[in-house]
1. Checking the condition assigned by the TED database to the domain that holds A:Ala159, farther than 27 Å from A:Phe421 by Cα and at pLDDT 70 or above, which residue from A:Ile356, A:Ile361 passes?
2. Is there any pair with a first residue in the stretch A:77-91 that is assigned by the TED database to the domain that holds A:Phe120 and a second that is among the basic types (Lys, Arg) and surrounded by fewer than 19 Cβ atoms within 10 Å (Cβ to Cβ) whose Cβ atoms are under 6 Å apart and which are 6 or more apart or on different chains, and what are they?
3. Does the stretch A:65-75 contain any residue that is touching a residue at least 60 places away in the same chain (Cβ under 8 Å), part of a helix (DSSP H, G or I) and among the aliphatic types (A, V, I, L, M)?
4. Condition (residue is assigned to a helix (DSSP H, G or I), modelled with pLDDT under 85 and either basic (Lys, Arg) or assigned by the TED database to the domain that holds A:Ile346 (or both)) applied to the stretch A:29-38: is it met by at least one residue?
5. How about the stretch A:1-11: which of its residues are over 16 Å from A:Thr47 (Cα atoms) and in a helix (DSSP H, G or I)?
6. Among the residues of the stretch A:184-203, is any closer than 30 Å to A:Cys297 by Cβ and either at the interface with chain B (Cβ under 10 Å from one of its Cβ atoms) or surrounded by 15 or more Cβ atoms within 10 Å (Cβ to Cβ) (or both)?
7. Within the stretch A:86-126, which residues are assigned to a loop (DSSP other than H, G, I, E, B) and either crowded, with 19+ Cβ neighbours inside 10 Å or not basic (Lys, Arg) (or both)?
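The values are calculated or read from the model by the stated rules, or taken from the named source; none is laboratory data. All of these numbers come straight from a predicted model, not from anything done at the bench. For neighbour counting, all protein chains shown are included, and Cβ atoms are generated from backbone atoms with ideal geometry for every residue, glycine included.
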Amino acid sequence: MSFLIDSSIVVTSQVLFFGFGWLFFMRQLFKDYEVRQYVVQVIFSVTFAFSCTMFELIIFEILGVLNSSSRYFHWKMNLCVILLILVFMVPFYIGYFIVSNIRLLHRQRVLFSCGLWLTFMYFFWKLGDPFPILSPKHGILSIEQLISRVGVIGVTLMALLSGFGAVNCPYTYMSYFLRNVTDTDILALERRLLQTMDMIISKKKRIATARRNMFQRGDVNNKPSGFWGMIKSVTTSAPGSENLTLIQQEVDALEELSRQLFLETVDLYATKERIEYSKTFKGRYFNVLGYFFSVYCVWKIFMATINIVFDRVGKTDPVTRGIEITVNYLGIQFDVKFWSQHISFILVGIIIVTSIRGLLITLTKFFYAISSSKSSNVIVLLLAQIMGMYFVSSVLLIRMSMPPEYRTIITEVLGELQFNFYHRWFDVIFLVSALSSILFLYLAHKQAPEKHMTP
Amino acid sequence: MASLDRVKVLVLGDSGVGKSSLVHLLCQNQVLGNPSWTVGCSVDVRVHDYKEGTPEEKTFYIELWDVGGSVGGASSVKSTRAVFFNSVNGIILVHDLTNKKSSQNLYRWSLEAVNKDLVPSGVLVTNGDYDREQFAENQIPLLVIGTKLDQIHEAKRNEVLTRIAFLAEDFNAEEINLVIEKRYFIRDGSQIVGFPDRKRFGAGIVKNLHYD
């Protein structure tokens, strides 16, 4: 009986999450597009719903809500469904939509997308070989095999995003890094842009007039037809056409220049707006916040290095350590069990909420930046795949932040993975990502001012 | 070239509606084989004989400025785009017949082009409702083109066409007496229907230019 009640609670919350994912899709991601494929929307919302349910089950675990056997059952079921989606459905549909875009393969869409999926599965399987993630006593088709590989990909993604985010956040918040842009710079660049456009126009006018004259004179098309045509055009090319190809090349170069000038002007306008924003109250608040974040970022990089160099994985979670410190050093006595449960709930809750929010915001920005009306379906499915893998590996890593009595369910359900490996892998990738972001931002920052500054 | 002979026409619309293909078709008389994103603005030139066959025949170069991007973009992009909207003689608004959003966005595009003097963030006063009076004093001729008609299934075409019917009226596009709305088959070059209509459109714009 209690199992039914528990199940209905979980299912209701799943439906709620599904609705939230649906709304997010419609209002945020696809608000400028016409949704034509409901399959994509359903898949995205389902992935989101099941990922959030996993987090919800962790919270229930900490709070002791619901029967523990029904929790375990739902864990298993949830995990199976998510793995099914991430490994079978989403890659297949990604392949299907990619193939639909290519007109040649339109007839045998399903066949080719199956082929793509098989290739994906092959590489996915090969991924597990170089990593020491499994104990050898597991069979081929067990949950552990799939989860370990999904975990590797997800942890890599998480670490890359964290590393870049940790460095980029202070860089964008602090006004110390803002380049000085004046109105004259912008005007000068705009003038150059318009001049380039005028040059393009005058060259195109010449081409158009020359072509018209050739056409009126009765010349055949420049395009060589057939084998002899090609030979002829090599040996005897009319002087007019040679001129044309030269002008056409100049036009291509000028068009490339105009594109670059356009992008630089956009960049300057954006910087100018940021300068104005930094003078407001909100801007100053973010500036101060940026200093805190830079300290935090340096500390995290330092800790990651220490972890790797000294080959140390934290044995205790922050909650228990915090409580130990307060009890031992500060002499404050309180009920350890009671407080550890609540504090870890709050801590884990904050981690979950901020990571979901951060991921959704990043996904939205990324989606706006690169999608077009043709590729939007493929990109949304890719984002759903990334989101699913990210959430699964969050569960893996969150195990570290919880006291041992709550870790058991994760260990039970996920099997005997080498969790320590994942933490080490996270540290390595985080370090690499943070350092290369610093390098990249430094180069970009250095290179930009030299181009625009008026001497 | 004296500035009197310059005819500048903007081609505006959402990304992916077919502006670059349209411009290429008009200027090169060929179908664009590999369309890709337009970054910034791409220009093409069409030679047009105004009033062909009459003693007042004059050759004009119509510059078609194909401005890329989305109407809901960052304000820095909008400010940069405003640079292209100076001294415009005509505007072509392109929308995708298979995509309702692109037709709705035409209002915002036209506002952005006509109100180029205002700060970009302050343009959208009424976000959905459309104020005809803003276009009452607009002297710039407008043409609305719907693309990709061939991609709509035969049965649904009537429904789509009736929906579009009022679109051009809203823009007060009667200033062009000859051509208000034409749909082109972009994919298949052999179906270039309405070739003389395009010439008449060009004449319409140039005629307005002479009236100013």
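1. Values: A:Ile356 fails: farther than 27 Å from A:Phe421 by Cα.
Just one listed residue meets the conditions, A:Ile361.
2. none
3. No: the stretch A:65-75 contains no residue that is touching a residue at least 60 places away in the same chain (Cβ under 8 Å), part of a helix (DSSP H, G or I) and among the aliphatic types (A, V, I, L, M).
4. From the stretch A:29-38, those assigned to a helix (DSSP H, G or I) are A:29, A:38; that's our starting set.
In the following step, the residues that additionally are modelled with pLDDT under 85 were identified as A:29, A:38.
Applying the additional criterion that residues be either basic (Lys, Arg) or assigned by the TED database to the domain that holds A:Ile346 (or both) yields A:29, A:38.
Yes, that holds for at least one residue.
5. Keep residues of the stretch A:1-11 that are over 16 Å from A:Thr47 (Cα atoms), which gives A:1-9.
Matches in the stretch A:1-11: A:Ser2, A:Phe3, A:Leu4, A:Ile5, A:Asp6, A:Ser7, A:Ser8, A:Ile9.
6. Kept after step one, since they are closer than 30 Å to A:Cys297 by Cβ, are these residues of the stretch A:184-203: none.
For the stretch A:184-203, residues closer than 30 Å to A:Cys297 by Cβ and either at the interface with chain B (Cβ under 10 Å from one of its Cβ atoms) or surrounded by 15 or more Cβ atoms within 10 Å (Cβ to Cβ) (or both): absent.
7. Of the residues in the stretch A:86-126, the ones assigned to a loop (DSSP other than H, G, I, E, B) are A:102-103, A:107-108.
Scanning the stretch A:86-126 gives A:Ile102, A:Gln108.
Residue by residue, here is whether (1) surrounded by 21 or more Cβ atoms within 10 Å (Cβ to Cβ); (2) at pLDDT 70 or above; (3) not β-branched (Val, Ile, Thr) holds:
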| position | (1), (2), (3) |
| --- | --- |
| B:Gln28 | no, yes, yes |
| B:Val31 | no, no, no |
| B:Ser36 | no, no, yes |
| B:Gly40 | yes, yes, yes |
| B:Val43 | yes, yes, no |
| B:Val47 | no, yes, no |
| B:Glu52 | no, no, yes |
| B:Glu63 | yes, yes, yes |
| B:Gly68 | yes, yes, yes |
